[in-house]
1. Under the rule of at least 5 residues apart or a separate chain, name every residue whose amide H is placed under 5 Å from the amide H of F48.
2. Can you sort S89, S59, S46 by how many other beta carbons sit within 10 Å, fewest first?
3. Could you give me the ³J(HN,Hα) list for the range 63-79, computed from phi with Karplus coefficients 6.51, -1.76, 1.60 and θ = phi - 60°, whole Hz, x at Gly and Pro?
4. Would you mind checking the range 35-76 for residues with the amide N under 12 Å from a putative spin-label position 7 Å along Cα→C-beta of E109?
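Here, each number is a calculation from the coordinates, and none is a lab measurement. All figures in this text were calculated on a predicted structure; none of them were measured in a lab. Glycine gets a Cβ as well: all are built from the backbone with ideal geometry, and neighbour counts include every protein chain shown.
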Amino acid sequence: MASVGSKGQTTSSRSIGAVGVTLRDHPGEPDVFVATGDIFYWRGPSPFCFVAVPDDVASALHELAARVTYGWGMIPVTATVGSTTWTTSLFPKEGGYLIPLKKLVRTSEKLEEGATITIALDVTHPTH
């Protein structure tokens with residue numbers, strides 16, 4: 001599939017199955033993922049709420065991780081739930097990824113532990 005990027009250049013992209021993923025082949029254009037999962041509370045040394053990225057989306061993320069990570073396998077994203085958008089990073093965990101949910105996001109969207117939510121994730125490639 002070809003489209004015109006934000007700076008007028010032609011980009012190509014490909015979709016992966018039915019997981020709501022579009023991988024773009026041009027640096028600077030976002031890769032878009034849609035992930036659905038349950039909110040869980042991790043009671044580790046730094047307690048926080050997360051959503052696990054489904055395996056099929058995590059596999060697609062692995063394809064571009066080396067190009068976008070800033071270290072330790074972290075993948076920077078712009079995430080959207082409902083009408084709330086924020087920047088965060090996906091945490092690598094046991095071959096997959098976790099999406100951290102800030103308290104401000106949970107409060108704004110009235111989200112609680114155990115709720116099933118859908119999150120749009122935009123991964124932008126560095127433009128070096």
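1. The list, which skips near neighbours in sequence, is W42.
2. Values: S89 19, S59 16, S46 6.
The fewest-first ordering by Cβ neighbours comes to S46, S59, S89.
3. Per residue, the Karplus-derived 3J(HN,Hα) values read 4, 10, 3, 5, 7, 10, 5, 9, x, 6, x, 5, 10, x, 9, 9, 10 Hz.
4. Under cut-off, by backbone N: 35-40, 50-52.
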